[in-house]
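The structure under discussion appears below in the form of structure tokens.
Rule-based calculations on the coordinates, nothing more; no lab input. Treat the numbers as computed from the prediction; the structure is a model and nothing was measured. Cβ placement follows ideal geometry from the backbone for every residue including glycine, while neighbour counts extend to all protein chains displayed.
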Amino acid sequence: QAAIFFARSAGVKESEITEAESDFHRRAKAQIDELHRKQRCQRALATLKEASAGQSTIALKAALAEARDAGVASEELKAAQGKLDELQSQEASRLPTKREPPPETKSEDLPPGKPIP
């Protein structure tokens with residue numbers, strides 16, 4: 001505000017003062033946006049590291065998506081993706097294997113007079 005007062009006192013045109021104010025606000029907004037972007041990236045990276053240390057594939061998938069959106073470095077994303085692949089492989093090995101259903105008994109295979117089970 002003091003700069004505006006002195007500019008007016010010095011005879012600077014009002015349009016030039018308005019333009020300078022607009023430029024100042026644009027630069028300030030750009031700096032704030034960049035700061036928010038960096039903070040978001042840092043939070044996403046912290047969440048990604050925490051999820052990578054755990055055993056939850058759901059949490060790790062969500063953290064990976066958030067980290068990608070926030071622009072986290074690709075090295076971090078690759079490491080977390082590797083951990084996710086490992087966890088999914090472990091989960092798949094723990095799942096019961098699919099068993100074949102017993103063969104169906106056909107009416108032709110049964111002796112006459114016996115009901116079909």
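Partners of Lys61 within straight-line reach, counting aspartates and glutamates whose Cα lies under 17 Å from its Cα and excluding those fewer than 8 residues away in the same chain: Glu50, Asp69, Glu75, Glu76, Asp85, Glu86, Glu91. Among the trypsin sites (Lys or Arg not before Pro) in the stretch 1-62, those located in a DSSP loop and surrounded by at most 13 other Cβ atoms within 10 Å of their own Cβ are Lys13. When the charge dipole of the stretch 1-109 is built from unit charges on Cβ atoms (+1 for Lys and Arg, -1 for Asp and Glu) and taken about the Cα centre, the candidate among Ala46, Gln88, Ala28 whose Cα reaches farthest toward its positive end is Ala28. May I ask you to derive the relative contact order of the stretch 8-91, considering only C-alpha pairs under 8 Å and at least 6 residues apart, and to give it as an integer percent? Over the stretch 8-91, the number comes to 27 percent.
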